[in-house]
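The values are calculated or read from the model by the stated rules, or taken from the named source; none is laboratory data. None of these values were measured; they are calculated from a predicted model. Neighbour counts are summed over all protein chains in view; Cβ atoms, including those assigned to glycine, are modelled from backbone coordinates with ideal geometry.
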Protein chains: 2
Amino acid sequence: MEPRAKVWLEQDGKLVLSDYRVQLLRLIEESGSLSDAAQAMGLSYRRAWGKVKEIEHNLGVKLLESAAGGPGGGGSRLTPEARRLVEQYDRFRKAAEADLEQDFRQTFGR
Amino acid sequence: MEPRAKVWLEQDGKLVLSDYRVQLLRLIEESGSLSDAAQAMGLSYRRAWGKVKEIEHNLGVKLLESAAGGPGGGGSRLTPEARRLVEQYDRFRKAAEADLEQDFRQTFGR
């Protein structure tokens, strides 16, 4: 057997960060474009934009800085706060995965 | 924010144990009856039975011992192997939860 896990973060009982959401933010940062990030995830621009707004609303944190031309037009990048969240989430994710493996070996003795 | 996780165990890429499946096994042991356990989980007897058979098939382990009268009729209880799996899963689950909290505090500093 092998352990598996899906992790996410909630605030006030609402899902705020998950692998999926963090992947969207990461792609925005890498591509410099919400439009390109949406496409890479098979999302409509509107849906990707709504997802970012939802995270911003739930966390009370501004995530995107948009250059002239508006979102998509002039390109988008993450705010320093958003980059920090992505970095923290990645570390959390990796630590949780490593600990899960260890917990499994310790309890099932494999 | 608060960390959340859903954990499960796979074998050969197949889901074999999860909170839901272990809860079914635990209820069978507590009630001594597959029928009562199914009812407590809002499952049909057929579906609960199928779930147990599926886990047995995937793990290659016999989980239920049935008294005279057949399953449901004469009552069911877990085999020693099944009781051990439930106990190990519970410990794994608790350790994973505690570590998740710790990983979250360490990475997000809260």
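Here are the numbers for this structure:
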| item | result |
| --- | --- |
| Test: residue in region A:18-41 that is under 30 Å from residue B:86 (Cα atoms), within 14 Å of chain B (Cβ to nearest Cβ) and among the hydroxyl-bearing types (Ser, Thr, Tyr) | yes |
| Residue match in region A:4-13 (condition: modelled with pLDDT under 95, under 15 Å from the mean Cα position of the chain (by Cα) and within 14 Å of chain B (Cβ to nearest Cβ)) | yes |
| All positions within region A:85-105 that are closer than 24 Å to residue B:92 by Cβ, at the interface with another protein chain (Cβ under 7 Å from one of its Cβ atoms) and without any contact (Cβ under 8 Å) to a residue 12 or more places away in the chain | A:91, A:95, A:99 |
| The lone exception for residue B:46 - which of (1) within 9 Å of another protein chain (Cβ to nearest Cβ); (2) more than 16 Å from the chain's Cα centre (by Cα) it fails | (1) |
